[in-house]
Amino acid sequence: MSAGNQENYQVRDIGDQVQRLIPTAKIVYTGEVGTDPRNYRVNFDKLFRLLPEFRLQYNLISGMEELHRNMVKHDFGKKDFESDQFVRLRTLKSRFDLLST
């Protein structure tokens, strides 16, 4: 099994990492959705077979740490996160609204 195949995570893994990086974050797992029959498991075997010299540069922890560092560096906050700029559906709606005026 290639190294990349170990980079399969569950939502809880990501939430736990957010909690580690932002101790004041409130992470809630509601369980409302129930069992999800979909499988998002990735397999990197073909990638490494076709590009044997390729190496992943990030894993969950290093990628989220870099993202967090840059968010802090650029003073990215809740207002930014919730703005239309970063919510695709709101951005599309705003653009459609502009077209209809």
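The values are calculated or read from the model by the stated rules, or taken from the named source; none is laboratory data. Predicted, not measured: the structure shown is a model, and the values here were computed from it. All Cβ positions, even for glycine, are placed from backbone atoms using ideal geometry, and neighbour counts span all protein chains on display. Ligands, DNA and RNA are stripped out before the accessible areas are found, and what is left, the full protein with its side chains, is counted by its heavy atoms. Shrake-Rupley method; radii C 1.70, N 1.55, O 1.52, S 1.80 Å.
Look at the range 5-32: where a residue is on the phi < 0 side of the Ramachandran plot and a partner is assigned to a loop (DSSP other than H, G, I, E, B) and of a type in the set (K, R), sitting 6+ places away or on another chain with Cβ atoms under 6 Å, you get N8/R41. Take the conditions loosely packed, with under 12 Cβ neighbours inside 10 Å and in a loop (DSSP other than H, G, I, E, B) and apply them to R41. Does it pass? Yes, satisfied.
Considering (1) part of a loop (DSSP other than H, G, I, E, B); (2) within 17 Å of the chain's Cα centre (by Cα), the lone condition that D75 does not fulfil carries the number (2). Within the range 70-86, the set of residues being open to solvent by 100 Å² or more (accessible area, probe 1.4 Å) and either within 30 Å of N5 (Cβ to Cβ) or touching a helix residue (DSSP H, G or I) at 6+ places or on another chain (Cβ under 8 Å) (or both) comprises Q85, F86. Any idea which residue in the range 11-38 is surrounded by the most Cβ atoms within 10 Å (Cβ to Cβ), counting only those that are modelled with pLDDT of 90 or more and either basic (K, R) or touching a Phe, Trp or Tyr at 6+ places or on another chain (Cβ under 6 Å) (or both)? Ranking the qualifying residues of the range 11-38, first place goes to R20.
From the list L67, L47, L89, L56, exactly one residue is surrounded by 11 or more Cβ atoms within 10 Å (Cβ to Cβ) and either modelled with pLDDT under 90 or assigned to a loop (DSSP other than H, G, I, E, B) (or both). Which is it?
Just a single option satisfies the conditions, and that option is L56.
Scanning the range 1-10 for residues that are surrounded by 12 or more Cβ atoms within 10 Å (Cβ to Cβ) and at pLDDT below 85, we see that the one that is nearest to L60 (Cα to Cα) is E7.
Answer with yes or no whether K78 is under 17 Å from L21 (Cα atoms) and of a type in the set (D, E, K, R). For K78, the condition - under 17 Å from L21 (Cα atoms) and of a type in the set (D, E, K, R) - is met.
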